[in-house]
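Here the structure is laid out as structure tokens; the discussion comes afterwards.
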Amino acid sequence: MSELSFGRQAVANRSSEAELSKITGEIIVGLDGSEQSYGALIWAAHEAKLRNAPLRVVTAYSLPVFTGSGFDAGYSVIDEEALVEGVAQILDEAKERLGALGDEIDLRVSVQTGDASAILLELSKNAELMVVGSRSHGAFLGRLLGTVSTSLPAHSHCPTVAVPQAYADKIAKNPEILDERRPVVVGSDGSDQARLAILKAAEEASRRGVKLVLVNALAPYTGALNWVPAAVDFEAIYREVAALQRKAAEWIRGYFPELEIEFKLIDGSASQVLVEEGKTAELMVVGTRGRGGLTGMVLGSTSQGVLHHAPVPLMVVPEMEDERVDTAPEADVTWG
């Protein structure tokens with residue numbers, strides 16, 4: 001009797017919902033057979049090795065729902081068999097692409113039937129990190145992950161990294177780019193969510209031994225903003241943001257004393273500024289629901305805007321409890 005392949009073993013041992021509820025402290029990567037999801041897999045495997053954390057590959061499929069009587073009774077059985085076979089092939093391909101790296105990490109697999117977004121969202125409750133490929137319209141009929149890359153970062157319970165398709169293509173051609181030492185760039189607006197993002201970005205930069213770049217974007221004050229009250233002191237706002245950056249750097253150094261920190265204050269749209277800065281980074285980080293001292297200057301809906309145009313992997317940090325945030329400096333001016 002021939003030995004089952006990696007993918008067929010995973011399908012044969014597919015997880016139950018009860019088993020999924022026991023999964024904790026792992027890096028979870030969603031896989032659907034698209035190039036961007038394979039790129040996310042390779043990135044996640046490198047991250048798992050860096051963190052010495054288990055990596056779980058999760059793939060999910062659902063049967064199509066047909067209306068009318070144009071299909072015979074056996075069609076759904078045949079279709080499910082084809083889907084299951086497709087899942088096995090995707091996982092076999094994943095194992096092959098990981099190569100030796102797959103043997104250097106604690107690699108685990110879960111095959112699920114159901115909505116991928118819901119499954120990954122549930123797993124995010126106890127995960128260390130979620131990873132997905134962005135613009136994931138999979139080669140496997142688009143059934144596996146679908147719009148996960150946009151829905152998961154917005155609702156995940158833990159940080160989520162979206163690996164863009166263009167970056168995945170680069171990984172496929174030259175995996176060594178993952179070993180390049182480039183800065184971690186984080187967007188800041190003085191809000192609690194920005195502080196959380198800065199902390200996670202600092203952790204990533206420290207873990208990699210690279211520089212952390214704090215970026216504040218201020219919309220240019222032109223004639224287009226003629227509704228702004230004349231009494232607003234824009235120069236004071238600039239000075240306040242610059243002072244806040246310096247305080248933030250001091251705060252971060254209290255937890256990461258060896259970390260090199262650079263801060264930038266740039267005129268322009270938050271999304272455009274962050275995407276431009278990301279071109280020389282190895283990872284970008286933003287928080288969700290950015291509001292607060294300097295409201296709307298960087299975060300807010302920016303995470304969604306950056307998500308669609310990020311040149312490198314983007315980490316989106318949700319609302320989370322972290323006592324270190326209580327010691328962070330606060331802005332003395334409110335804008336927005």
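Some notes on this structure:
- For GLN112, residues with placed amide H under 5 Å, excluding near neighbours: THR59, ALA60, TYR61
- Label-point gap, in nm, between ALA12 and ASP115 - each point 7 angstrom along Cα→Cβ: 3.3 nm
- Extension gain, ASP267 back to ASP103 (0.36 nm per residue minus Cα-Cα distance, nm): 54.4 nm
- Ranking ALA44, PRO54, GLY33 by how far each Cα lies toward the positive end of the dipole of region 10-55 (charges on Cβ) leaves PRO54 at the top.
- Put in order of Cβ neighbour count within 10 Å, fewest first, the listed residues THR288, THR24 become THR24, THR288.
- Full extension of the segment from GLU250 to ARG207, taken as 0.36 nm per residue of separation minus the current Cα-Cα distance, would add 13.6 nm.
- Across region 41-56, rounded Karplus estimates of 3J(HN,Hα) from the backbone phi angles (6.51 cos²θ - 1.76 cosθ + 1.60, θ = phi - 60°) give 4, 5, 4, 5, 5, 5, 5, 5, 5, 5, 8, 6, 10, x, 10, 10 Hz, Gly and Pro being marked x.
- Relative to the current alpha-carbon distance between SER5 and ASN52, full extension at 0.36 nm per residue lengthens the span by 14.3 nm.
- Cross-link pairs exceeding 20 Å in C-alpha to C-alpha distance, out of LYS22/LYS95; LYS211/LYS264; LYS170/LYS211; LYS95/LYS173, comprise LYS22/LYS95; LYS170/LYS211.
- In order along region 190-200, the Karplus-derived 3J(HN,Hα) couplings, from 6.51 cos²θ - 1.76 cosθ + 1.60 at θ = phi - 60°, round to x, 8, 4, 5, 5, 5, 4, 4, 4, 4, 5 Hz, and Gly and Pro are given as x.
- Considering region 163-204, its Cα convex hull presents a mean projected area of 3.7 nm².
Any read-out appearing in this document is the output of simple, stated calculations on the displayed coordinates, not a laboratory observation. Bear in mind that the values here come from a model prediction, so they are computed numbers and not experimental data. All Cβ positions, even for glycine, are placed from backbone atoms using ideal geometry, and neighbour counts span all protein chains on display.
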